[in-house]
Amino acid sequence: MKSVFIIEDDISVREELFILLNNAGYNTKVLTTFDNVVQDILDFKPDLVLLDINIPGLNGEVVLLNLRKRSDVPVIMVTSRNTESDEVLSMSYGADDYITKPYNPNVLLLRIGAVLKRTSTSNLPNYRDLDINMQKGIISNGKDEIILTKNEMIIFNYLLINQSRIVSRDELMTELWDNDEYINDNALSVNISRLRNKLKEIGIENPIETRKGIGYILT
Amino acid sequence: MKFKEHLKDRLYALLLISFLYLLLILLFLAFKSNLQLIIACFVLLTITFILLLLYDFFRKRKFYNDLIFKVGNLDKAYLVLEMIDKPRFYEGELFCQILYDIDKSMIERVSNFEGQMNDFKEFIEMWIHEVKIPLSSLTLMAHNHKDKYDKKSLLQMKRIENYVEQVLYYVRQDCAESDYLINKINLSKVISNVILKNKDELLENKIELLVEVKEKEVFSDSKWLEFIINQIFNNCIKYKKEKNSFIKIQSLEDENSVYLIIEDNGIGIKKSDLSRVFDKSFTGSNGRYSSRSTGMGLYICKNLCKKLGHKIEIDSIQDEFTRVRITFSKNNFYEEALNVTKK
């Protein structure tokens, strides 16, 4: 399980971020006192840090600079300042991404996922001993193979990465749209049922379970 | 300065002189003076008077004409005092001193307002950053507790967010250059951000998206451009038709420019309103129908575009389509400048 360290001074935002990230299957830790931020981060050894730029009595950019002297942990800067120069400055200090408030929660999850994917060396999780070729969109069970369309591949990939939890339709939609596939609700349903049928062809029964009103889970 | 007017102004002197002449004639007659002496006296007097009048006129005319000319030609007329030669007559000196005092008090007052304005702008910017925190918090809450909040409240939050952004960019549009940074940015990335931002509303309203934007690179500020495109998108959604709505986004290119075209099949804009949609506070008939138009969105867009050096145009046929075109010039100057700094 990946861990995320949240540095955010607004209590309400902090609590909701904690719930959001926990629900998304991250081991989440929030910081409540900001006297020794860099040391706290180093002690916890998170996979990713969400760092607010404006913390009273503390400058997020300075924290980032100090952190970078001692660690390469991925950092996403979160801020309500949204000028281009702020962003460029943060990135030059070594941030991996930059998100402005108020953010769409699904987009935030997406960015966190993207940074983790970029920085981690581990391969894709395994799924029922299938041979998965993401680039070509081919899945094979050794004997037979199926060819997925781009949309189906995006959906399958996202479900696979988040295998341990239920993924909402909204999340899937965000992921698809982020990949410039602007499909509508019906098309998503069609894609999912097609993906199910294709997986069935290579002998996988009930790969994607529907949880009514919540979303889907890869089983 | 006209001589006639100058003379008119000195009518009292002429009357006095005429009266003096009359008295002199009476005096001369009483003393039975020589006629030649009388004529000589009159000629001398007359010449003296005329010279006095002319001297006074030309001296003042030099000063006033200079003043009038410079006031007319300076773009900041109140700075004229620094530009003129000091007058060499008492009245003019007084006049200049008074002007100077007036200027001073005016400048004090203006700088006072300027200070207040800047304070206000600073406060607004700070306030906007503050208000974004509860907004983030609310958005997260709505996402985490779907049982307590429904999609409708999310859409309302998005509306607040949009209005807040409008204020932010309105405050920013005419202040310091430090607020924007022109860089090579990827057009399709910006478009994708805007689309993702409006995802819920687009899905809710069943608006189809036709995106044909290639990986075009343009020189702009990505945040400002995102705001501009977001405003256009908001309009597309706001003024859509009931059924089969779509938004088409295209990028085109020619030798000198890259064009971004955003077209919808919404209710369109009346021909008579078309030329005024970028005017401040112009709401037109569309705005009045739906009563949710502030008339600021496109005005701010136009100003930001002007600052960034883009051209924004709008074309529409009522009940058929609205098409917005943003032109980015392929100015090699930026590219060269970037290369130089890299080296």
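The values are calculated or read from the model by the stated rules, or taken from the named source; none is laboratory data. A quick note: this is a predicted structure, and the numbers were derived from the prediction, not measured. Cβ placement follows ideal geometry from the backbone for every residue including glycine, while neighbour counts extend to all protein chains displayed. For the accessible areas, the whole protein counts, side chains as well, though only heavy atoms, and no ligand, DNA or RNA atoms are used. Shrake-Rupley method; radii C 1.70, N 1.55, O 1.52, S 1.80 Å.
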Task: Kirkwood hydrodynamic radius of region B:73-127, from inverse mean 1/r over distinct Cα pairs, in Å - done: 13.5 Å
Task: Sparsely packed trypsin sites (Lys or Arg not before Pro) within region B:158-254, loop by DSSP, other Cβ within 10 Å at most 16 - done: B:K206, B:K214, B:K241, B:K243
TODO: Quote the relative contact order of region A:131-218 in percent (integer), defining contacts as alpha-carbon pairs under 8 Å separated by 6+ residues.
DONE: 31 percent
Open item on the list: Threshold 50 Å², probe 1.4 Å: give the residues of region A:1-40, in number order, that are less accessible with all protein chains present than with their chain alone.
Closed with: A:E16
TODO: Can you tell me the dipole magnitude for chain A around its Cα centre, using point charges on the Cβ only (Lys, Arg +1; Asp, Glu -1), in Debye to the nearest 20?
DONE: 640 debye
TODO: Loop sites only, by DSSP: take the GluC sites (Glu not before Pro) in chain B that have at most 16 other C-beta atoms within 10 Å and name the longest stretch containing none of them.
DONE: B:1-214
Open item on the list: Restricting to DSSP H runs of at least four residues, report the calculated mean residue ellipticity at 222 nm for chain B, -39500 (n - 2.57) per run over all residues, nearest 500 deg cm²/dmol.
Closed with: -21000 deg cm²/dmol
Task: Solvent-free Debye scattering, log10 I(q)/I(0), computed from the Cα coordinates of region B:167-207 at q = 0.20, 0.35 Å⁻¹ - done: -0.82, -1.02
Open item on the list: Based on alpha-carbon atoms only, what is the radius of gyration of the protein assembly as shown relative to the globular estimate 2.2 N^0.38 Å?
Closed with: 1.51
- [ ] Work out how far the C-alpha atoms of region B:3-85 reach from end to end along every principal axis, then list the three figures in whole Å, largest first.
- [x] 66, 19, 16
TODO: Can you pull a Stokes-Einstein diffusion coefficient for region A:39-97 at 25 °C (0.890 mPa s), Rh from Kirkwood over Cα pairs, as a whole number of µm²/s?
DONE: 212 µm²/s
Task: 222 nm mean residue ellipticity, helices alone, for chain A (DSSP H n ≥ 4; -39,500 (n - 2.57); rounded to 500) - done: -13500 deg cm²/dmol
Open item on the list: Restricting to Cα atoms and excluding each atom paired with itself, what does the Kirkwood estimate give for region B:68-174 in Å?
Closed with: 18.7 Å
Task: Kirkwood Rh, angstrom, chain A [1 / mean 1/r, Cα pairs] - done: 18.9 Å
Open item on the list: I want to verify the translational diffusion coefficient of region A:106-219 in µm²/s; compute it with Stokes-Einstein, Rh as the Kirkwood radius over Cα pairs, at 25 °C and 0.890 mPa s.
Closed with: 169 µm²/s
Task: Rotationally averaged projected area of chain B (alpha carbon convex hull; nm²) - done: 31.0 nm²
